[in-house]
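Have a look at the structure below before the remarks.
The values are calculated or read from the model by the stated rules, or taken from the named source; none is laboratory data. What you see is a predicted model; the values in this text were computed from it and never measured. Please note: Cβ atoms are built from the backbone with ideal geometry, for glycine as well, and neighbour counts cover all protein chains shown. We work out accessible area using only protein heavy atoms, side chains counted, and drop any ligands, DNA or RNA first. Shrake-Rupley method; radii C 1.70, N 1.55, O 1.52, S 1.80 Å.
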Amino acid sequence: MIRRIATVGGLTLVSRLTGFVRDVVMAAILGAGPLADAFFVAFRLPNHFRAIFAEGAFAAAFVPAYARTLEQAGLPAAKLFADQIAAALVAINLVLLAIALLFTPEVVGLLAPGLSDDPERYDLAVALTRITFPYLALVSLETLFAGILNANNRFAAAAGAPVLLNLSVIANLLLTPYFADAGHAAAWGVLIAGVVQVLFVGIDAEAHGYGIRFRLPKLDEPTRRFLKALGPAIIGAGGVQLALFADTVIATFLPTGALSALYYADRINQLPIGVVGIAVGTVLLPEMSRRLAAGDDKGAASAQARGIQLALLLTVPCAAAALAIPDLIMRALFARGAFTSADALAAGSTLAAYSVGLLPFVLLRSFTAPFYARGDTATPVKAALLAAAINVALKIVLMGPLAQVGLALATSIGAWINLSLLAYLARRQGFAISGGAIGKPAAKMIAIGVVLAAALFAGAYWLNHALSGLMRFHDETILAILIVFGGILYFALVFALLGRNWFMGLLREVSTAADAPAPSELAPPDPIEDSAALPDGEPPPRG
């Protein structure tokens with residue numbers, strides 16, 4: 001499993017790094033004014049829907065269903081199932097797209113009502129949303145290909161596809177003189193990226209024998225199980241996105257720059273979430289689905305426990321840094337061009353609030369995986385909806401005194417509530433991993449994180465005075481020194497408190513947990529009775 005996590009995490013890191021370059025270019029060209037706010041609204045709207053219907057609910061329902069069909073009936077049956085779901089997915093997205101394009105002003109007015117009092121930002125947001133919204137249909141099809149590839153142990157193309165989005169937006173921003181303004185340049189970059197991403201993962205799937213052929217959907221057993229899981233998954237993903245929608249809606253009532261502060265802070269916060277949390281969750285879901293389908297409950301629980309430990313090991317230092325030196329991080333990364341020091345200060349405070357919930361943000365996919373792997377998408381809905389309700393209520397309470405920082409803090413509190421409920425519900429249903437498997441290592445890692453945060457705070461204060469004469473790259477130099485110092489200190493403390501044997505054992509067990517064959521892989525499955533009616537051809541090798 002470590003090899004697969006490294007593949008997904010490594011490519012996600014490349015995606016986040018190119019995303020950082022994209023944000024630096026965007027900050028320098030768009031800044032944090034009305035044009036930037038309008039673009040971020042236009043960019044967030046299709047991404048909220050994507051998170052609900054594509055990467056959220058669809059992936060949660062489709063990947064376990066496909067993996068189960070693949071494990072129990074073989075590749076031809078899994079391909080037939082994917083072909084039928086693909087046809088339905090495209091049809092639904094075309095209808096949704098048509099409605100959104102016809103009623104774009106109403107959609108923007110509903111989801112970003114604060115812009116109605118600012119005609120300039122409102123008109124820009126409507127125009128840019130009409131360009132970006134088709135990205136939803138394109139990325140939904142990409143998600144289908146990604147789910148198929150992941151279930152067949154091919155992770156590289158799907159993990160690398162987001163890089164194309166960043167490169168496309170960067171290229172278009174650099175060509176801003178050829179567009180009406182920088183907002184239009186970035187919006188067209190998003191749409192072009194959607195086309196390229198679908199082609200990228202689709203060609204990879206086709207090359208390895210997993211391409212799709214649209215077929216009329218039939219209400220057979222795999223489809224019924226998929227639909228049964230999809231409904232609650234949509235509600236659950238919708239609950240999570242409702243809280244994020246609230247950020248966009250409420251932030252439009254705050255002073256200019258609040259939306260931009262939320263965006264740039266969230267971009268930094270998303271780095272460990274994407275590189276660690278999504279990487280572990282992406283690999284863990286199909287792995288647990290296969291093992292549970294094969295009757296290997298112990299192997300599934302072991303994979304989850306080690307995945308959680310690995311996620312904590314890599315996330316704790318990120319949370320410590322974001323809490324201790326958020327202003328320095330934002331100044332060093334973004335304070336140039338149209339992005340001022342005041343903008344960096346606002347984004348830094350927002351980043352600190354987001355980082356309070358970084359650990360649960362990263363761990364959520366690992367805690368939902370055992371439910372989704374069992375085909376249970378209803379239980380996580382209970383946790384998600386309750387957490388979302390508390391989240392939104394807190395946003396309304398905190399927006400007055402804390403502005404966008406209150407929105408980020410409410411999001412973090414909601415994440416902790418969501419994670420706690422998932423742990424409780426898993427224990428009540430009898431498949432929670434033991435406290436000994438993660439409790440003691442987690443407590444030690446959090447203690448190490450507290451020490452690291454204190455050291456980074458003190459180090460930043462001392463270096464700021466020691467390097468006060470450095471006029472160029474002052475903040476960048478301090479941040480680079482602290483990254484090196486913090487990394488050495490953190491892993492020294494890990495080896496001292498948790499031990500070298502624990503560290504090497506974690507890597508060894510995560511490496512072998514998923515690479516060992518599941519019981520059903522030791523012998524080929526029995527051929528299904530109607531195999532003659534399924535697509536011809538030998539199944540390609542996995543991996």
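A few remarks follow.
- Per residue of the chain, the DSSP helices (runs of n ≥ 4 H) give a summed -39500 (n - 2.57) that works out to -27500 deg cm²/dmol at 222 nm.
- Cα gyration tensor, the chain - rounded (a/c under 1.5), prolate or oblate: oblate
- Inter-label distance, Arg213 to Ala88: 2.1 nm, where each label sits 7 Å from its Cα along the C-beta direction.
- Sequence-distant residues sharing a close amide H with Ala32 (under 5 Å, placed H): none
- Per atom type, the range 118-232 shows carbon and sulfur on 69% of its accessible surface, probed at 1.4 Å.
- Gyration tensor (alpha-carbon) shape descriptor, the range 339-498, a/c threshold 1.5: oblate
- Sequence of Leu292, Leu385 from largest to smallest accessible area, 1.4 Å probe: Leu385, Leu292
- Using only side-chain charges placed at the Cβ, +1 for Lys and Arg and -1 for Asp and Glu, the dipole size of the chain relative to its Cα centre rounds to 1140 debye.
- When the Cα gyration tensor is reduced to axis lengths a ≥ b ≥ c, the ratio a/c is 1.5 or higher for the range 73-187, and with a/b not above b/c it is classed as oblate.
- For the range 158-174, 3J(HN,Hα) computed residue by residue from phi via the Karplus equation (6.51, -1.76, 1.60; θ = phi - 60°) reads 5, 6, x, 4, x, 4, 5, 4, 5, 5, 5, 5, 4, 4, 5, 5, 5 Hz, glycine and proline entered as x.
- Shown for the range 269-358: the carbon plus sulfur share of the solvent-accessible area, taken with all protein chains present and a 1.4 angstrom probe, equals 63%.
- For the range 329-334, the Karplus equation 6.51 cos²θ - 1.76 cosθ + 1.60, evaluated at θ = phi - 60°, returns couplings of 4, 5, 5, 5, 8, 10 Hz by residue, with Gly and Pro reported as x.
- Heavy-atom accessible surface of the chain, averaged per residue, reaches 40 Å², computed with a 1.4 Å probe.
- C-alpha center-to-center spacing [the range 374-396, the range 63-141] in angstrom: 22 Å
- Lysines whose Cα lies under 28 Å from that of Lys298, excluding same-chain neighbours fewer than 8 positions away: Lys228, Lys382, Lys440, Lys444
- Residue-wise HN-Hα couplings along the range 80-90, as the Karplus relation 6.51 cos²θ - 1.76 cosθ + 1.60 with θ = phi - 60° gives them from phi, are 4, 4, 5, 4, 5, 5, 4, 4, 5, 4, 5 Hz; Gly and Pro carry x.
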